[in-house]
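The values are calculated or read from the model by the stated rules, or taken from the named source; none is laboratory data. This one's a predicted model, so the numbers in the text were calculated from it and none came from an experiment. Cβ sites come from the backbone with ideal geometry, for glycine too, and all protein chains shown count toward neighbours. Note: areas computed on protein heavy atoms with side chains; ligands, DNA, RNA excluded. Shrake-Rupley method; radii C 1.70, N 1.55, O 1.52, S 1.80 Å.
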Amino acid sequence: MDDLKSCPFCGGEPRLIIQNRTVIKGIVKRNCYVHCLNCDARGERFLEGETIEEHKAARYAAKVAWNRRANDV
């Protein structure tokens, strides 16, 4: 899933953000979320794991969470 829906609040352009900011028991973990470049709205954060598959799963989950809308069934 590479397509992100526009921001549900302002219609702005979203981007997937990956950061090394979450510290758990003294270990820095990477996290990812989707962020609107226009109004700074942010989606749910997901921690990336140790493997490539876990990184991909976290990024996919962040995109799915961003694309989910209230009227989705």
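Brief remarks on what is shown
- Listed residues 25, 5 arranged by accessible area, highest first, probe 1.4 Å: 25, 5
- Given the choices (1) 11.9, 41; (2) 11.3, 34; (3) 12.9, 40, Rg and Dmax of the Cα atoms in Å derived from the coordinates of this structure is entry (3).
- Protein accessible area in the chain, 1.4 Å probe - carbon and sulfur %: 50 percent
- Most positive-pole-ward Cα, 4, 39, 24, against dipole of the chain from beta carbon charges: 24
- Charge dipole magnitude, Cβ of K and R +1, D and E -1 - the chain, Cα centre, debye nearest 20: 220 debye
- Here residue 29 is the anchor, and the lysines within straight C-alpha reach of less than 21 Å, apart from those fewer than 8 places off in the same chain, are 56, 63.
- Shown here for the chain: GluC sites (Glu not before Pro) in loop regions (DSSP other than H, G, I, E, B) with at most 16 other Cβ atoms within 10 Å, namely 44, 50.
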